[in-house]
1. Which count do you get for residues in segment 121-173 that are of a type outside the set (V, I, T), closer than 22 Å to W404 by Cβ and under 16 Å from the mean Cα position of the chain (by Cα)?
2. Give, as residue ranges, the helices (runs of 4 or more DSSP H) completely inside segment 189-279 that count at least 2 residues that are small (G, A, S), open to solvent by less than 60 Å² (accessible area, probe 1.4 Å) and away from ligand 2 (no atom under 16 Å from the Cβ).
3. Looking only at segment 370-406, filter to residues that are charged (D, E, K, R) and under 23 Å from D211 (Cα atoms); which one of those is farthest from ligand 1 (Cβ to nearest atom)?
4. Does segment 60-82 hold any residues that are farther than 22 Å from L391 by Cα, open to solvent by 20 Å² or more (accessible area, probe 1.4 Å) and touching a residue at least 24 places away in the same chain (Cβ under 8 Å), and which are they?
5. Only one of (1) assigned to a helix (DSSP H, G or I); (2) touching a Phe, Trp or Tyr at 6+ places or on another chain (Cβ under 8 Å); (3) crowded, with 17+ Cβ neighbours inside 10 Å is not met by T338, so which one is it?
6. Can you find a residue in segment 40-60 that is of a type in the set (V, I, T), away from ligand 1 (no atom under 16 Å from the Cβ) and part of a helix (DSSP H, G or I)?
7. Modelled with pLDDT of 95 or more, crowded, with 23+ Cβ neighbours inside 10 Å and within 16 Å of ligand 2 (Cβ to nearest atom): does that describe Y384?
8. Where residues in segment 8-33 are in contact with a His (Cβ under 9 Å, 6 or more places away or on another chain) and within 21 Å of R72 (Cβ to Cβ), which of them is least open to solvent (accessible area, probe 1.4 Å)?
Amino acid sequence: MNPDRARILKEGRGERGPVVYWMSRDQRAEENWALAFAQELASKRGSPLAVIFSLTENFLGATARQYGFMLRGLEEVEEALAEKKIPFALLRGDPGETVSGFAEEHGVGAVVTDFSPLAAKRSWSETVMQRLEIPIYEVDAHNIVPCWRASPKQEYAARTFRPKIRRMLPEFCDELPRLKVHPIPWDLGEGVDWDRIRRAIDVDRSVPEVDWIAPGERAARKALRRFLDEKLSAYDGERNDPSLQGQSDLSPYLHFGMISAARVALEAAGRDADPTSRAAFLEELVVRRELSENFCFYNPGYDSFAAFPDWAKKTLDDHRDDPREYLYDQKELEAAETHDDLWNAAQMEMVLRGKMHGYMRMYWAKKILEWTESPEEAQRIAIYLNDRYELDGRDPNGYVGIAWSIGGVHDRAWGERAIFGKVRYMSRKGAKSKFDVRSYVERVASWS
Ligand code: FAD
Ligand code: FO1
């Protein structure tokens, strides 16, 4: 493995004791750089290895929908690890506390964790670093180019980030790691009683699970194969048409780390497909996705108005008092009770299916800006809805997608108009000229 994928969070002391991979964001057994790093460290030290996951309830507004998806995936992870003689423990509570408690109780000699640019994981890791005196490593198992290597600063736009990441890709396109049977045993007792956990967790059950997408590593691989076989070649022409199903539907898997982005990129790049479509897909998967990581990593206020570029803050400020023709509150928006059947359909697609079409996400967020009292309120409501209903919500892509739509992040100034100022505007008329709006609205209506 390229050693630059790992960084040491705390030097610590301790050459002895088991090694633990604290899994959080990269919920897969195979092709996981963080787990592979932990296994290598354990093998070098002649130590046992375990994987722990700390289950925290009500994470960023997630509901039974996302917890159900995640827990079924983790159940598969436990099975895959058992085949390699690696025990898995599910802890419950604040991860900062439970991970350090576990390490103390079991005399752990080193902790390895995966990387996330989001505040929650950073704060959990801080607690673990404060509480433990052993070495703590972080491995970016989510990005193809480790976030801290891709760029040393917050990038302005895809055009500034693209050349940097392209330049570094060859260095990080090394072979994906395979998990080995771990030769040193560690008995952590009984496996997880998943049904009991599912019943016991205190999460909002008013947003139900969805059955159109199966969770887990195996399902993720299958979805990737299906996309590559059936849709990749038409991606460029069809991905922006919500009346078709031209996208990969991989974002829930990528969000929970059930598949590695590197695997998806490798397979797509190696396909004999239409070159324009292949390039368009890789642009989204690699450049746009990793640009979102860059933004959240270098801008801790990623979910606030303060994170918008100065030109956008100024223009939105200039237009704060512009009259709004329509004004809705969070409840009306959540219930899809606006005057616009296209917006309502997008909202319902998210509520019912847990995944809104990518083109509609831009329209949806921009209309929230147009129909609420302030940009701050629009951003707050968009994040609340996105994180509550989307399977792939609570993700850098979500915070950045919303900041792009409402606050011009990674975009440029456009012609000035009411409310939006110079932030790019989108209209129903524009949507109508691009795709069959009626067919999209009817398809969503047929699900309710
Ligand atoms: P595909 O078109 O098949 O793309 C493949 C992958 O490329 C995606 O899974 C994703 O990882 C990446 N990708 C595609 N489009 C983008 C993009 N615009 N920015 C960054 N990466 C991209 N994405 C999320 O993963 N979670 C979110 O919560 C989320 N919320 C969004 C909210 C708004 C307002 C906007 C405008 C965009 C949001 N996106 C979000 C980005 C994008 O819409 C989704 O990633 C995409 O629709 C997911 O579907 P897919 O996997 O079928 O995409
Ligand atoms: N990660 C955890 O380590 N523990 C959790 O309980 C947990 C719940 C969860 C629910 C919904 C969701 O979308 C993600 C969830 N994650 C959880 C993963 C989370 O995305 C990553 O840990 C982030 O990196 C945290 O910032």
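The values are calculated or read from the model by the stated rules, or taken from the named source; none is laboratory data. Bear in mind that the values here come from a model prediction, so they are computed numbers and not experimental data. With ideal geometry, Cβ positions are generated from the backbone for all residues, glycine too; neighbour counts draw on all protein chains shown. Surface areas here come from the heavy atoms of the whole protein model, side chains and all, with no ligands, DNA or RNA. Shrake-Rupley method; radii C 1.70, N 1.55, O 1.52, S 1.80 Å.
1. First, the residues of segment 121-173 that are of a type outside the set (V, I, T): 121-126, 129-133, 135, 137-138, 140-143, 146-159, 161-164, 166-173.
Pick out the ones that are also closer than 22 Å to W404 by Cβ and you get 142-143, 147, 150-151, 153-159, 161-164, 166.
Those still in the list that are under 16 Å from the mean Cα position of the chain (by Cα) too: 142-143, 147.
Within segment 121-173, residues that are of a type outside the set (V, I, T), closer than 22 Å to W404 by Cβ and under 16 Å from the mean Cα position of the chain (by Cα) number 3.
2. On the way: elements: 194-200, 217-230, 235-238, 251-255, 261-269.
Where helices (runs of 4 or more DSSP H) fall fully within segment 189-279 and carry at least 2 residues being small (G, A, S), open to solvent by less than 60 Å² (accessible area, probe 1.4 Å) and away from ligand 2 (no atom under 16 Å from the Cβ), they are 217-230, 261-269.
3. Restricting attention to segment 370-406, the residues satisfying the condition of being charged (D, E, K, R) are 370, 373, 376-377, 380, 387-388, 390, 392, 394-395.
Now restrict to residues that are under 23 Å from D211 (Cα atoms): 387-388, 390, 392, 394-395.
On the way: D387: 7, R388: 11, E390: 5, D392: 4, R394: 7, D395: 4 Å.
Step by step, filter segment 370-406, then rank; the result is R388.
4. Taking segment 60-82 and keeping what is farther than 22 Å from L391 by Cα, we get 79-82.
Going one step further and asking which of them are open to solvent by 20 Å² or more (accessible area, probe 1.4 Å), we end up with 79-80, 82.
A80, A82 - these are the residues of segment 60-82 that are farther than 22 Å from L391 by Cα, open to solvent by 20 Å² or more (accessible area, probe 1.4 Å) and touching a residue at least 24 places away in the same chain (Cβ under 8 Å).
5. (1)
6. No, segment 40-60 contains no residue that is of a type in the set (V, I, T), away from ligand 1 (no atom under 16 Å from the Cβ) and part of a helix (DSSP H, G or I).
7. Values: modelled with pLDDT of 95 or more: yes; crowded, with 23+ Cβ neighbours inside 10 Å: no; within 16 Å of ligand 2 (Cβ to nearest atom): yes.
The answer is no for Y384.
8. Applying the filter and picking the extreme gives D26.
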